[in-house]
1. For the chain, modelled as a Gaussian network with Cα springs under 10 Å, which listed residue fluctuates most, 79, 41, 18?
2. Excluding ligands, DNA and RNA, what is the solvent-accessible area per residue of segment 1-90 at a probe of 1.4 Å, expressed in Å²?
3. From the backbone phi of segment 79-85, what are the Karplus-calculated ³J(HN,Hα) couplings (6.51 cos²θ - 1.76 cosθ + 1.60, θ = phi - 60°) in whole Hz, Gly and Pro given as x?
4. Using just the Cα positions, wrap segment 65-108 in a convex hull and report its mean projected area in square nanometres, one decimal place.
5. Please report, in cubic angstrom per residue, the volume enclosed by the convex hull of the alpha-carbon atoms of the chain.
6. Can you list residues whose amide H is under 5 Å from residue 55's amide H, if they're 5+ apart or on another chain and H is modeled 1.01 Å from N?
7. Give a quick list of chymotrypsin sites (Phe, Trp or Tyr not before Pro) in segment 1-45 that DSSP marks as loop, anything other than H, G, I, E or B, with at most 14 other Cβ atoms within 10 Å.
8. Could you tell me which trypsin sites (Lys or Arg not before Pro) in segment 2-104 are loop residues by DSSP with no more than 13 other beta carbons within 10 angstrom of their beta carbon?
Amino acid sequence: MQKTTITNVNIDIFTQTEEKLSEKRCYSGVLSKSSGRIKFEETISKGRHPRNPKLYDGKYISLIRKSNGKYQICSKLIELDEKSDATRISLDVWSDISCALQIVTDIQ
């Protein structure tokens, strides 16, 4: 995931039902840019959308954003054998968590 900051730009937000954006809700939609303006259009809720959008998908963990606005780290299965190095795996898990949390701090 890459972070892009665009300064001094107007953004037009089109929602399906709400007049004001909720801080606790995740919106699904299309973001487009033309002539220096940015437009976000919320998609129609047809069927079931993914409940918790995945923000980071690493080798050992994934980071999701819950519908209440909180973040959750989910561990993936780890296969161990006689050649596995516990210290190396621990450092790799720590690295994955560090990358995921860096994304969260960049978003906020």
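1. Comparing 79, 41, 18 in the GNM, the peak value goes to 79.
2. Here the per-residue accessible area is 86 Å².
3. For segment 79-85, the Karplus curve yields 8, 10, 9, 5, 8, 5, 10 Hz.
4. Projected area, direction-averaged: 3.7 nm².
5. 136 Å³
6. 63, 64, 65
7. Here the sparse-neighbourhood loop sites are 27.
8. Those satisfying the criteria are 3, 20, 24, 25, 46, 48, 51, 59, 66, 70, 76, 83.
The values are calculated or read from the model by the stated rules, or taken from the named source; none is laboratory data. Quick caveat: nothing in here was measured; it's all calculated off a predicted structure. Backbone-built Cβ (ideal geometry, glycine too); neighbour counts: all protein chains shown. Each accessible area value is taken on the protein alone, full model and side chains, heavy atoms only, with ligands, DNA and RNA left out. Shrake-Rupley method; radii C 1.70, N 1.55, O 1.52, S 1.80 Å.
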